[in-house]
């Protein structure tokens, strides 16, 4: 399966600031997915990022809050903008596996104070 | 939109006991996937079920996909402390690639 390097692994940020999370995949993939996992909760899809086009956002998530870049087929970033304590979560990127299933990055544990 | 419900939310078992988690979708699924997330870790793919009524086994884990392709279960025989974690089902429906995750079942095993 694909190998994903996700950075940073964790961060503590001041409210009102922004954090950019990076995911690097060891192979070219068409779509990359960004999820949020609030403490003790399930995974919620934020957006799907295709190379060369605007990301597609799920209901409840907007581009101004979660801008995404997808400059090539192996890399994507998610920015959490103007953070508040409610944004404290684990953020995960994911790609389709080479055969089946999805592979996840190791996650970014964000705490906003 | 599609919803995937999973029960129970939590399960405490004594080591050696069996464990089952159940997953129900509001819509028919093209496939269902199961993931395990260890405490502090990220979800790791376990298996995918595609066919109606399909049953797959991985050592002590048995996965089933319902005849109507709307429900699924994961059964662990004789749990071990290494089974600790949260088990998620995730359904894929229609032509899209969007997975909808169930709420997860957190398994705790007492040695």
*Across the residues of B:13-25, average count of Cβ atoms on other protein chains within 10 Å?*
0
*Determine, for B:12, B:42, the number of other Cβ atoms within 10 Å of each Cβ, and report the residues in order from fewest to most.*
B:12, B:42
_Shape verdict for the stretch A:68-113, please, from the Cα gyration tensor: rounded (a/c under 1.5), prolate (a/b greater than b/c) or oblate._
oblate
*Under a point spin-label approximation (7 Å from Cα along Cα-to-Cβ), what is the residue B:50-residue B:68 distance to one decimal in nm?*
2.4
*Per residue of A:98-106, how many C-beta atoms from partner chains lie within 10 Å of its own C-beta, taken as a mean?*
5
_Which residue fluctuates most in the GNM of chain A (Cα springs below 10 Å): A:63, A:99, A:90?_
A:99
*the stretch B:40-95: C-alpha gyration tensor shape, a/c 1.5 cut-off, then a/b vs b/c*: oblate
_Calculated Rg and Dmax of the protein assembly as shown using C-alpha coordinates, Å_ = 17.6, 51
*Cα centroid of the stretch A:45-68 to Cα centroid of the stretch B:21-75, whole Å*: 28
*At 7 Å along the Cα-to-beta-carbon direction for both residue B:17 and residue A:24, put a label point, then send me their distance in nm to one decimal.*
4.6
_Pick from B:19, B:45, B:63 the residue whose mean-square fluctuation is largest in a GNM of chain B, springs joining Cα atoms under 10 Å._
B:45
_Candidates A:13, A:23, A:93, ranked by Gaussian network fluctuation over chain A, Cα under 10 Å, top entry_ = A:13
*What's the average, rounded to a whole number, of partner chain beta-carbon atoms within 10 Å of each residue's beta-carbon in B:43-52?*
3
*Please state the relative contact order of chain A as a whole percent: Cα pairs under 8 Å, 6+ residues apart?*
38
*Relative exposure of B:70, B:59, judged by other C-beta atoms within 10 Å (fewest first)*: B:59, B:70
*asked:* Can you tell me, using C-alpha contacts under 8 Å and at least 6 residues apart, the relative contact order of chain B as a whole percent?
replied: 37
_At R0 = 30 Å, FRET efficiency that the Cβ-Cβ distance of residue B:110 and residue A:38 yields, to 0.05_ = 0.65
*May I ask you to derive the relative contact order of the stretch A:15-58, considering only C-alpha pairs under 8 Å and at least 6 residues apart, and to give it as an integer percent?*
28
*asked:* Past the 20 angstrom mark, what percentage of all C-alpha to C-alpha distances in chain B do you count?
replied: 35
*Mind sorting B:106, A:36 by how few other Cβ atoms lie within 10 Å of their own Cβ, fewest first?*
B:106, A:36
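Only the coordinates and a few stated rules stand behind these numbers; no lab work does. All of these numbers come straight from a predicted model, not from anything done at the bench. Note: ideal-geometry Cβ built from the backbone for every residue, glycine included; neighbour counts use all protein chains shown.
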